[in-house]
Every structure is written in C-alpha cells, then in structure tokens.
Amino acid sequence: MTETSFVVEVLPDGIKAKAKTGEALADVLVRAGVPLSLYCRQRGVCGKCAVRIVNGPLPFPAAREAALLEKRGLGPDHRLACLYTVRSDVTVEILPGSRLEKVGVLEAGPPSAAYVDPAVKRLSFTKDKPSLASPTAVADSLRDRLNAPGLVLSLAVLSKLGGAALGSSSALAAVVYDDREVLDIEPEEPDRELFGLAIDLGTTTVAAELVDLRTGAIVDRAAAVNAQSSYGADIVSRITFAFENPDNLGRLRTAALQLLNDMIGTMCRRGGVPRHRIYDVVVAGNAAMNHILCGVAVDSLALAPFHAVFSVLPPLAAAEVGFALNPQARVYIAPNVKSFVGGDITAGLVGSKFAEGPGNALFVDLGTNGEVVLKKGAELAATSTAAGPAFEGMNISCGMLAVPGAIHRAEWDNGFKCRTVDDLPPQGVCGSGLIDILSGALARGLLGRDGRITGPEKRIRLTERLALTQQDVRDIQLAVGAVRSGIRLMLKEFRLDVADLDRVLVAGAFGGSLDIANAAALGLLPDLPAGRIVFVGNASLAGARLLLVSRPSRAAAEGLAARIAHVSLATRSDFQDEFVRALEFDCYPKRPT
C-alpha cells in the first residue's frame, strides 16, 4: 500500500517539500533546508517556531499552544510548527522571528557562519498551584511544564524551587543546559540575557570573548600573556616543571585560573554583565594546557609515547574547574586530537571548515607549538612542532604582543620604515613585524641565509632605540625551521609536493598582518600562487566561539578530532636532517603548477 504524501509550500522561500501523513511540520521544514528556530527541541514550550497557515487546515490549538501564540501577539491563523501535523497540502509563511539567526565565525579568511543554537537556553514556564487532591512535587510539575521528563535538577535548584527565593511569582524561567539539566530558576523577565565565554588558552597568550548567547554577539574581548610563562616559555618547559614536583601542577593551574578570572572580571565590568549571568564556557587549548587547567597530571605527556590522559571530557562544573562565575555554569573543553595536538586545533579546524573542502589542504597554526594538519582527500593527519614563542614576540629582546605601539609591518626604504599598531610610537616588535624585518634584511644582504647578521654592528637596526640581536634572529630561525620541517615531513608522509596543495590556511594571532611574500622568502610558508594561502587569524578563539553558540558544532568537533591521525615527527629517521636543512632562510623548492 502506497503511503500518502502531501505538498508543503513555504513562503517567502518559494520552497515546495513533500510530507508524509501525520509528519510534524517542523520536521518537513528542517528537511527542506528552512532554518527554523527549534529553541526547545520541538517540545512545544518556547513558541519560537510559529508560522502562519496561509492555506490549509487550522485545528483548534491546545491551551499551551494558544498561550504561547498569544504571548507572541499572533493571530488565529498561526500555529507552532513543532505541534502542527501535516494531513493535507498546506501553504505556510515563515515569520522573521521564527528563523535561526546566523553569525559569522572567522573574522579573517574564507566566509564561515553558523546558526545560533547554544547549549544554554532560557525556557519560560508557569508554576502549578499544588492542591490537596493532587500534591504533585514541584520538580515533577516543572518537568511536565517543560515537557522534559528526564530533566535533572541539582540540589541548589531544588532548594530554590522549595524556598522563598522566587517569591510568590508563578511565572518563572528555567535556565537549561543541553536539554538535560536545569542550571537555575528565576522569575520570568522578557528578553533577560544569558552569557557565555569563549577562551583560547594559548601557551604564550590567552584570549577570551564574552558572548551574548541569545544572538551570538561579542560583548567584550580581552587578551593577556599567559601567567604560566614565569614557569617556562614553552609547553615542554612547563610539563617538565610540573613533572618535577607534584605541587608544581597546582602552581601552574592557579596561575592560569587567576589570570582567567581577572580577565573575566574586566570584561564583565566593561560590558556591564554580572558574573552570575554567565552560564557556559568553552575552552580551546593544547593538550597540556587543557590538562593543567583541569588539574590533571601531565606525566603521560612528559614521557614517550607522549599520550594524553583524556581526549573528550563531559561538561564540567565551573566551580569544580575554578571559574568565578554562576556556580552552576558549565565548562566544555574542546576535544584533544592526540599527543600535544589539542582542542585549540580542533576548534580552529571546525571554525574554518577545513575538513569540508575538496582536494589537498594544509592548516598551519603559527603559535608556540606550531601545529600542522594535512588533508589529502578525505584523509586527515596532524603533528606538533616545537616552534617556541618567538612568533608571538616572546623571548625576543625588543619583542612584544601585537598591542598598541608594536611594530607589525616594516619595509625597507634606506632603512626600515615601521608601522605600529594604532600608529603609536614604536615600543617593540611583534611576530608579523619580525617576519617583514628578517625578509627585508635577507634581501639586502644584512642577513645571510644561514641566519648570521653580516653588518659590523651585529644588529639589525629598526629604530634609533630598537634593534634585533643575533640571538633574536636565532630564536626566529629555530621557530621558522620547526614549522618548515613539520610541513615538509607531513607532505613527505603523504607523498605530496608543495604544488599539490590546493589551499593553505594559516592560523595564529599574528596571521592577519603577515605578509605572504615575506613569509615565503624565509621559508616559513610554502611559495605558492596568490590565492592559495589564506590567513584565518585566531581560528582557535573563533572556533571556541562557534562551539559556544552552536551546540551541534560540539558533536562535529568530537567526531573530527577522532578522525585525525597523529604523526610523530620525532620517530622519523629523517627528522633531524630535515630540521637542519629547514634552518636555512630560503624559499621552498618550486615546481611548475
């Protein structure tokens, strides 16, 4: 027997979709590609999927549906798509307020956007009045009102429901995490805000964003040098420090948490946001940073085979991690790949949609760890190189982060003409400026390809006050050599040549200001035709924001991290030779394309 089907016409999209008898209209619309807001996951309690029935049956709405439509000020020809079942041909109009909002993810590079669908949501409900005839528990009444029988309520939430904290109001709102757990109960206030934090926990620098979870808008940003730097400039130094004494892990963790809580306080003050309104946090860091933040021993990362204790963690309580936020807030750690390749890379790959494109591609994160991810067709592999903090201006005698006054661009005109962030007087030089300066010095014979400064002063003069020393050049040389050898060994592993790469995505805090030609002249990046190399900026932070505002992206990140193979460069017999060759400042070998 052939199953009856009907046609659903969608206005103003002009879409016509087939529907089975009795199928929920919301399911039909989503399958047809309509970005319908299903805020409450089709439980019929939020009223955000309302549509106008232009032509078709209008069954009498139940009391709850009628109340939600009335609350939105909608007429009798409107219904909730999640409760409306298709039993004939029907024409519907999607209301502007019933569509998911889309926000940009990357601020540089290829377009990348996502629909706002956070893990933390605020759902309104009316508290039932108990009676002697039916003394239903308040928690059970709440689950019934939210149409979520499996909803978990903590003791703190139960205490609030049973006490006087909510007053006599029957109109309440539940802050719900991942449709599974109630984080808070509060009196209902229309359009009350919810906030989250996206954090890039880098080895050298830490960046964070305070985000409005209703819209995905960034309320404020903050960045600072990682306070753990006093215990070691790179991740190996910090792992060694933690390995030497059990108490040292606590010192590293405390340093990171104090810095993060200070940054959170600053953003909250500037944005006028109370800390207790922050309910969700996403942290993207390398494997060691993630372990240290969670207080998990890094011993397994200190010794071969350099494996992590965890790759994926369930959401953690903010108080357990150590964040000074709403005590019921949750913390999601972006999943690690393997070994030192961590959640910062996973977040960056998801945020840039790296794995979704066709052909062969390379993802290079120019940070302290210098991670490299190679995509050959559907295959994905990653490795980590010890680039050190030079790209971020650290360990350089006149180095600094890309903050106001930092030289971020330079060109030769009878001496270096330097441009600074915000056009302030030069205070130092950041990563992108270092690349420009060394490339210019190399082109004019002030610097040999072996990294030796040739002038009598044995310095590369930038301004009357600022100059690069021979040791500065050596530190940059080691960083460039680490990344370059990592790229070449990964290409060799997959039997690819530079010319076989269809695109190269370059991530890192200084990527937006990096000059491609100058980076290629030093051998930091492959020498490829214009357009194949794209800068994506701080992809880790952008990816953390994506995981914050788009709950479905978390499952995508976990699946992607599990797919990526890990390549250990140290186990390759040709690693040392390749690294030594990569120390010379020179372009990659060219091949006709």
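The values are calculated or read from the model by the stated rules, or taken from the named source; none is laboratory data. This is a predicted model, so every value here is computed, not measured. Cβ: placed from backbone, ideal geometry, glycine included. Neighbour counts: every protein chain shown.
Determine which member of the set G523, G508 is crowded, with 21+ Cβ neighbours inside 10 Å, within 25 Å of E584 (Cβ to Cβ) and in contact with a Lys or Arg (Cβ under 6 Å, 6 or more places away or on another chain).
After ruling out the rest, the residue left standing is G523.
So which residues in segment 442-462 are modelled with pLDDT of 90 or more and over 23 Å from F579 (Cβ atoms), if there are any at all?
A443, R444, G445, L446, T454, R459, I460, R461, L462
For the list (1) surrounded by 18 or more Cβ atoms within 10 Å (Cβ to Cβ); (2) out of contact with any Cys (no Cβ under 9 Å at 6 or more places or on another chain), I need the number of the one condition that K16 fails.
Failed condition: (1).
Can you name the residue in segment 340-360 that is assigned to a helix (DSSP H, G or I) and of a type in the set (S, T, N, Q) and, of all such residues, is nearest to P111 (Cα to Cα)?
The selected residue is S352.
In segment 188-223, how many residues are buried (at least 20 other Cβ atoms within 10 Å of the Cβ) and of a type in the set (V, I, T)?
6
Specify which of the listed residues (I407, I396) is more than 27 Å from the chain's Cα centre (by Cα), assigned to a strand (DSSP E or B) and modelled with pLDDT of 90 or more.
Result: I407 is the single residue among I407, I396 that is more than 27 Å from the chain's Cα centre (by Cα), assigned to a strand (DSSP E or B) and modelled with pLDDT of 90 or more.
Test D472 against the stated conditions and say whether it is under 30 Å from F340 (Cα atoms), among the charged types (D, E, K, R), crowded, with 19+ Cβ neighbours inside 10 Å and modelled with pLDDT of 90 or more.
Yes.
Could you check segment 425-461 and list, in sequence order, the residues that are in a loop (DSSP other than H, G, I, E, B), hydrophobic (A, V, I, L, M, F, W, C) and surrounded by fewer than 23 Cβ atoms within 10 Å (Cβ to Cβ)?
L446
Name the pairs: first residue in segment 323-345 and without any contact (Cβ under 8 Å) to a residue 60 or more places away in the chain, second residue in a loop (DSSP other than H, G, I, E, B) and surrounded by 23 or more Cβ atoms within 10 Å (Cβ to Cβ), Cβ to Cβ under 7 Å, at least 6 apart or on different chains?
V331/F323; G342/N286; G342/N336
For segment 76-96, enumerate the residues that are over 21 Å from G22 (Cα atoms) and at pLDDT 90 or above.
P76, L95
What is the residue count in segment 481-536 for residues that are in contact (Cβ under 8 Å) with a residue 24 or more places away in the chain, part of a loop (DSSP other than H, G, I, E, B) and either under 21 Å from S432 (Cα atoms) or not charged (D, E, K, R) (or both)?
Of the residues in that region, 16 qualify.
In a strand (DSSP E or B) and among the aliphatic types (A, V, I, L, M): is that true of V176 in this structure?
Against the criterion (in a strand (DSSP E or B) and among the aliphatic types (A, V, I, L, M)), V176 qualifies.
Of the conditions (1) among the aliphatic types (A, V, I, L, M); (2) outside any helix (DSSP H, G or I); (3) out of contact with any Leu (no Cβ under 9 Å at 6 or more places or on another chain), L259 fails just one. Which one is it?
Of the numbered conditions (1) among the aliphatic types (A, V, I, L, M); (2) outside any helix (DSSP H, G or I); (3) out of contact with any Leu (no Cβ under 9 Å at 6 or more places or on another chain), the odd one out for L259 is (2).
If you go through segment 420-456, how many residues are of a type outside the set (G, A, S) and touching a strand residue (DSSP E or B) at 6+ places or on another chain (Cβ under 8 Å)?
Count: 15.
Being surrounded by fewer than 24 Cβ atoms within 10 Å (Cβ to Cβ) and modelled with pLDDT of 90 or more is the filter; apply it to segment 346-376 and report the residue that is nearest to A562 (Cα to Cα).
A355
Which of the residues that make up segment 84-108 are buried (at least 21 other Cβ atoms within 10 Å of the Cβ) and over 22 Å from V175 (Cα atoms)?
The answer is Y84, V86, V90, V92, I94, V105, L106.
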